[in-house]
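S.K.: What follows is a single structure, and I will ask about it in a moment.
Bear in mind these aren't lab numbers, they're just calculated from the coordinates by the rules spelled out. This structure is a prediction, so every number in the text was calculated from the model and none was measured. Because the Cβ atoms are built from the backbone with ideal geometry, glycine has one as well, and the counts that use them run over all protein chains shown.
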Amino acid sequence: MKISVVFTAVILAILRDSTASLFVQGPTESVMEGDRVTLECLDSESEMNMTSVHFEKMSRHMDMWHRLDGYGYGNGYGYGYAFRRCFWYDADVMREDGRLLLTITRVQSWSAGMYRCMSDNITDLDNSSLPFKLTVHYLREVTVNRASSNMFYRYLAPEDELRVPQGDDVELDCSTTASETPTYSWLKEGEDWIIPSSKLKLKHVSVENSGKYTCTAQHPTVSSLIKKRTIKLTVLPKEAPWYESTTGQIYLIMGAAVTVLFVMIIAMMVFLCHRSRRNKSKGPIDDQSQKKPIYKNSVESLNSTAGDKQPLV
């Protein structure tokens with residue numbers, strides 16, 4: 001039984017190698033975010049009609065292949081078209097002189113993944129190419145935050161300056177997002193030391209610790225991808241007021257925001273109470289006069305030459 005299975009596998013492999021097979025040709029160098037990328041579907045024997053072949057992309061979230069050309073299934077626009085318009089609007093499938101090309105004008109991180117060519121004729125012995133993996137390298141901007149800081153500190157504190165009282169412990173955390181885990185380093189302007197870490201720790205800071213500190217993030221594969229962020233550290237003297245520090249300024253901003261919100265709530269409550277009292281003081285509207293009929297010869301009517309007694313309403 002095992003011999004027959006092995007024999008069948010060998011025969012299928014021979015048949016596969018002896019027939020024309022599809023494959024995807026793509027970039028051989030590193031692809032960075034924002035580059036223009038072109039993939040081409042080719043036939044090893046140049047015998048297959050490319051008009052019956054289309055590109056597909058593997059969705060990592062849905063775990064399924066999606067067709068990327070302009071038409072979905074049948075002769076109309078289908079799910080493949082909707083998928084490409086929503087998620088791959090910058091990808092164009094072109095058919096020129098018997099060639100099948102997929103061009104991404106500005107490749108992004110979500111463009112990375114598996115691509116393949118697929119024949120519309122499912123009866124072909126080799127109707128699908130092997131998946132081609134497109135890797136996109138990127139490195140986002142670097143952010144520097146004080147470690148163990150709360151949400152308000154991260155959003156309200158200046159990005160390029162930190163003011164702390166003398167004697168405080170300062171720990172700065174440098175972070176970014178990249179296609180691969182980057183390497184970090186810290187250095188101080190005017191000094192010759194380098195700390196190979198994403199964290200900078202300074203214990204019991206003094207005025208001598210004031211200066212500009214720069215965090216550098218470098219991509220491990222693409223050496224040209226480097227991002228830096230510089231932050232100015234100012235150590236305040238002991239006699240400095242508390243509100244001159246970055247933390248004190250944040251407290252002032254939060255206090256002002258809470259005060260304004262409180263005043264707005266009080267003003268709204270006063271307005272609603274005043275309007276409610278005014279409506280109660282008016283009382284109900286007496287509309288009995290609107291229900292009486294009006295006669296032409298009555299005192300309430302207008303002058304008229306007619307003498308009838310019939311009501312108008």
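S.K.: At 0.36 nm per residue, minus the direct Cα-Cα distance, what do residue 203 and residue 94 gain on full extension? Give it in nm, one decimal, please. Could you put the intermediate results ahead of the total?
M.R.: On the way: separation 109, 0.36 × 109 = 39.24 nm, distance 6.11 nm.
Extending this stretch completely gives an extra 33.1 nm.
S.K.: Compute the relative contact order of region 143-249 as a whole-number percentage, counting only Cα pairs closer than 8 Å that sit 6 or more residues apart in sequence.
M.R.: With pairs under 8 Å counted, the relative contact order is 33 percent.
S.K.: So if R0 is 22 Å, what FRET efficiency would residue 175 and residue 234 give, r being the distance between their Cβ atoms, rounded to the nearest 0.05?
M.R.: Plugging the Cβ-Cβ distance into 1/(1 + (r/R0)^6) gives 0.45.
S.K.: Count neighbours as other Cβ atoms within 10 Å of each site's Cβ, and list the GluC sites (Glu not before Pro) in region 198-284 that are DSSP loop with at most 10 such neighbours.
M.R.: Qualifying residues, ordered by number: 239.
S.K.: Then there is this: For 181, 38, 176, what's the fewest-to-most ordering of other Cβ within 10 Å of each Cβ?
M.R.: By the 10 Å Cβ count, ascending: 181, 38, 176.
S.K.: When a/c is below 1.5 the answer is rounded, else prolate if a/b is larger than b/c, else oblate, so apply that to region 143-249 with a ≥ b ≥ c taken from the square roots of the Cα gyration tensor eigenvalues.
M.R.: prolate
S.K.: Counting other beta carbons within 10 Å of each Cβ, put 234, 246 in order, fewest first.
M.R.: By the 10 Å Cβ count, ascending, the order reads 234, 246.
S.K.: Enumerate the amide H contacts of residue 225 below 5 Å, restricted to partners 5 or more residues apart or on another chain; note that Pro and chain-start residues carry no placed amide H.
M.R.: Under 5 Å from the amide H of residue 225: 219.
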